[in-house]
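Q: My questions will all concern the structure given below.
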């Protein structure tokens, strides 16, 4: 351990003098001592270091230095192997002025904007009526009172999950981030409001902290920023899903007004009633016009007319069938008469006969048979078998 500590101390001693920026969390001036002890904190990294400086150095660079102020100091890192601690020994301390603070905020704003943390398309829509609202604000502050009172005045049934944290000073940022994580993990919380009253630029610095801005950007739950007055614009306003000009304005943004909603419902209900009555009247008039038509006023006329048409068609079908049957009967009788007139039987009735050979062929000439051939003679009634005696 001793060897490791010595090597760590030797490596740190090689760093030389460096410029360090941070926020003063604590100042310790011991009576009769020429050394001043500062606790310098980086809110973004939640890191603290002890700084030692001569009283003359502090009085020359920042005579009115107070806790919570931002400083830039020229110091040399020192490692104490016996305690295993790292500290800074400063030979120059400068309190960051308002102009430099604003310049730093402007650079941070451009950086976050370039990364897309301010992009409008990444803003999430707030629910119309949240079940529970998470509130991060100072304890017993005017901002807390304004949000709670105005929200419940607009919608009495709303629920709150309030976490009180410091809203300025060196411990504000980490506690606000922790509260944001707690509310973001609670699935019953539908929207988170970060509220604070007005103040100076220095007082509102925690709400322009890079770590807080990135935590809000990464939150799952929509976040509403309600910091200061109308003219105050910390970087949190640009990252949040909704910016409210004041805590009172936040109450108007996160829940609807019950009285206004009831009025809108009444107006919509009256419009619906008028629309339904108009529709019923229009359909009633249409039904009455249909009922006045002959087909509906005396529907039996349609049936009677169709019955008459069916009877007429049936009579026409009967007459047509009878005519076709008579014509067919006449045609049949004429055909039978023609057949009888052309039939060989009719010729036989007049005394003629038909002579056929044995093979059935009709004998039309004497040469068709020979002497002693057997022939059949058909008469009108019966047949004769004959033998040819002579062929002339």
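The values are calculated or read from the model by the stated rules, or taken from the named source; none is laboratory data. What you see is a predicted model, and the numbers here were worked out from it, not measured in a lab. We place every Cβ from the backbone using ideal geometry, glycine too, and count neighbours over all the protein chains shown.
Q: Keeping to region 54-75, report how many residues are under 27 Å from residue 174 (Cα atoms) and over 51 Å from the mean Cα position of the chain (by Cα).
A: The qualifying residues number 7.
Q: While we're on this one: Would you call residue 132 in contact (Cβ under 8 Å) with a residue 24 or more places away in the chain, touching a strand residue (DSSP E or B) at 6+ places or on another chain (Cβ under 6 Å) and either within 30 Å of residue 259 (Cβ to Cβ) or surrounded by fewer than 18 Cβ atoms within 10 Å (Cβ to Cβ) (or both)?
A: yes
Q: Now for a different question. Looking at (1) surrounded by fewer than 10 Cβ atoms within 10 Å (Cβ to Cβ); (2) assigned by TED's automatic domain parsing to the domain that holds residue 195, which one does residue 300 not meet, given that it meets all the others?
A: Residue 300 satisfies all of (1) surrounded by fewer than 10 Cβ atoms within 10 Å (Cβ to Cβ); (2) assigned by TED's automatic domain parsing to the domain that holds residue 195 except (2).
Q: Could you go through region 142-158 and let me know if any residue there is closer than 14 Å to residue 234 by Cβ, surrounded by 14 or more Cβ atoms within 10 Å (Cβ to Cβ) and not assigned by TED's automatic domain parsing to the domain that holds residue 47.
A: Yes, there is a match, as at least one residue in region 142-158 is closer than 14 Å to residue 234 by Cβ, surrounded by 14 or more Cβ atoms within 10 Å (Cβ to Cβ) and not assigned by TED's automatic domain parsing to the domain that holds residue 47.
Q: If you don't mind, there's one more thing I want to ask. Tally the residues that are more than 37 Å from the chain's Cα centre (by Cα) and at pLDDT 85 or above, restricting the search to region 90-120.
A: Result for region 90-120: 2.
Q: Can you give me the number of residues within region 145-187 that are closer than 19 Å to residue 69 by Cα and not in a loop (DSSP other than H, G, I, E, B)?
A: 5
Q: Let me ask you something else. Which residues, taken from region 238-253, are part of a helix (DSSP H, G or I), buried (at least 21 other Cβ atoms within 10 Å of the Cβ) and touching a strand residue (DSSP E or B) at 6+ places or on another chain (Cβ under 7 Å)?
A: 247, 250
Residues are listed down the side, and each one gets a yes or a no for (1) over 17 Å from residue 143 (Cβ atoms); (2) buried (at least 24 other Cβ atoms within 10 Å of the Cβ); (3) in contact (Cβ under 8 Å) with a residue 12 or more places away in the chain:
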| site | (1), (2), (3) |
| --- | --- |
| 164 | no, no, yes |
| 169 | no, no, yes |
| 174 | yes, no, yes |
| 198 | no, no, yes |
| 207 | no, yes, yes |
| 212 | no, yes, yes |
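Q: Taking region 27-58 only, how many residues are in contact (Cβ under 8 Å) with a residue 60 or more places away in the chain and touching a strand residue (DSSP E or B) at 6+ places or on another chain (Cβ under 7 Å)?
A: The qualifying residues number 2.
Q: Taking region 121-144 on its own, how many of its residues are in contact with a helix residue (DSSP H, G or I) (Cβ under 7 Å, 6 or more places away or on another chain), over 13 Å from residue 195 (Cα atoms) and assigned to a strand (DSSP E or B)?
A: 0
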